[in-house]
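A.B. asks: Dropping the structure in here first, questions after.
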Amino acid sequence: MNFDISHLLESWEYQPGQVVVRKFVAKDGVEKIQLRVDLGILQMNAHGRPDGKRPFGHPSLFDYQQARLKQYQEKHDGSGEGFALKPEDCAKLQLEALQYHHRYICLLQLEDYGGVVRDTERNLRLFEFVCEHVESEELGWSLQQFRPQVLMLRARARATQLLMSDNYPAAIKEIEGTVDDLRQFYTELSRPELVEQSAEVQSLEHWLEEIKNKRPLSKREQLEIDLSEAVKREDYEKAAQVRDALRKLESSS
């Protein structure tokens with residue numbers, strides 16, 4: 001067996017500062033994703049656990065731990081009180097979450113926004129699970145510290161899907177809602193001053209401004225602009241016509 005992958009690296013150049021990624025179907029029919037990094041290539045499955053493994057016969061370690069919780073609850077009259085994740089459990093779940101992180105970064109570059117939403121929501125559920133059942137808050141923070149980035153990436157994927165169908169109001173609402181979630185996250189940490197320093201908040205607010213500037217005007221907004229311009233030109237006949245149109249619009253809404 002020839003283990004040398006030099007020919008693959010030479011034919012696929014690494015580009016610093018860029019996410020260089022491709023998707024293909026392997027000989028076994030499984031869809032794969034490859035990410036070019038400076039020292040080689042990372043390969044992962046496009047679906048399921050990225051490395052293709054099934055820990056303890058489950059689709060992922062997260063699924064395995066959820067199954068453990070369910071078994072515990074069945075033995076304790078439906079209560080999960082007393083169920084706790086050990087430090088080594090958290091460490092393994094964090095490594096698994098990192099696999100999904102690599103994949104949704106690739107999927108975002110590939111414009112597979114549905115896949116990004118799927119994987120980011122999966123990691124967010126994992127963060128909540130760990131925080132609820134971890135032995136200490138410090139261990140929970142080892143995952144929760146990544147929540148702002150995951151929320152931002154999910155918002156970008158969801159909002160982009162909405163923009164592709166020209167649903168600007170819903171896209172704007174999605175971004176604004178995520179910014180609110182980020183503000184709440186830092187407030188709950190008793191660190192509201194970090195909001196203004198957050199790269200995720202800054203990125204989303206900048207994107208939000210771009211979207212608002214590009215957003216097509218509603219009929220009402222266009223009429224209001226027409227009215228203002230007509231008044232400035234002292235074209236009172238035109239202004240009266242626009243006012244009538246605005247009244248009709250209001251009465252029909």
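A.B. asks: If the chain between GLU74 and PHE3 were fully stretched, how many nm would it gain, using 0.36 nm times the residue separation less the Cα-Cα distance?
C.D. replies: 20.7 nm
A.B. asks: Something else now. Rank these for me by crowding, MET44, MET164, MET1, going from fewest to most other beta carbons within 10 Å.
C.D. replies: Placing the least packed residue first, the sequence is MET1, MET164, MET44.
A.B. asks: Oh, and also: Where both partners of a DSSP beta bridge lie in the chain, what percent of those bridges are antiparallel, to the nearest 5?
C.D. replies: Expressed as a percentage, antiparallel bridges in the chain total about 90.
A.B. asks: Just how large is the dipole of the chain about the Cα centre, in debye to the nearest 20, putting +1 at every Lys and Arg Cβ and -1 at every Asp and Glu Cβ?
C.D. replies: 760 debye
A.B. asks: For the chain, what's the relative contact order in percent, using C-alpha pairs closer than 8 Å and at least 6 residues apart?
C.D. replies: 10 percent
A.B. asks: Have a look at GLU174, GLU135, GLU88 and tell me which one the Gaussian network model of the chain (Cα, springs below 10 Å) gives the largest fluctuation.
C.D. replies: Highest fluctuation of the listed residues: GLU88.
A.B. asks: Quick one: dipole size for segment 139-253, taken about the Cα centre, charges +1 on Lys/Arg Cβ and -1 on Asp/Glu Cβ, in debye to the nearest 20.
C.D. replies: 320 debye
A.B. asks: May I pose another question? With springs only between Cα atoms under 10 Å, which of ARG191, ARG22, ARG158 fluctuates most in a Gaussian network model of the chain?
C.D. replies: Result: ARG191 has the largest fluctuation of those listed.
A.B. asks: If the chain between ALA240 and GLN202 were fully stretched, how many nm would it gain, using 0.36 nm times the residue separation less the Cα-Cα distance? Intermediate results must be reported in sequence, preceding the final value.
C.D. replies: On the way: separation 38, 0.36 × 38 = 13.68 nm, distance 4.28 nm.
Length gained, ALA240 through GLN202: 9.4 nm.
A.B. asks: For the chain, what is the calculated [θ] at 222 nm in deg cm²/dmol (nearest 500), taking -39500 (n - 2.57) for each run of four or more DSSP H residues and dividing by its residue count? Don't skip to the end; give the middle numbers.
C.D. replies: On the way: 10 runs with 159 residues, N = 253.
Here the helix-only value at 222 nm equals -21000 deg cm²/dmol.
A.B. asks: Counting only complete DSSP H runs, which helices of the chain cover 18 Å or more along their long axis at the Cα atoms and score a mean Kyte-Doolittle of 0.5 or above?
C.D. replies: The qualifying helices: there are none.
A.B. asks: Can you find, among ILE172, GLY52, TRP141, the residue farthest towards the positive end of the dipole of the chain? Put +1 on the C-beta of Lys and Arg, -1 on that of Asp and Glu.
C.D. replies: Of the options given, the answer is GLY52.
A.B. asks: Cα centroids of segment 35-87 and segment 169-215: how far apart, whole angstrom?
C.D. replies: 30 Å
A.B. asks: Tell me, what is the FRET efficiency for LYS27 and GLU121 to the nearest 0.05, using R0 = 35 angstrom and their Cβ-Cβ distance as r?
C.D. replies: 0.65
A.B. asks: Which listed residue (CYS90, GLY80, LEU108) has the Cα farthest towards the positive end of the charge dipole for segment 77-131, taking +1 on Lys and Arg C-beta and -1 on Asp and Glu C-beta about the Cα centre?
C.D. replies: LEU108
Every number in this text was worked out from the coordinates using simple rules, so none of it is lab data. Owing to the predicted nature of the structure, the values given are computational and were not obtained by experimental measurement. Glycine also receives a Cβ, built like all others from the backbone with ideal geometry; neighbour counts cover every protein chain displayed.
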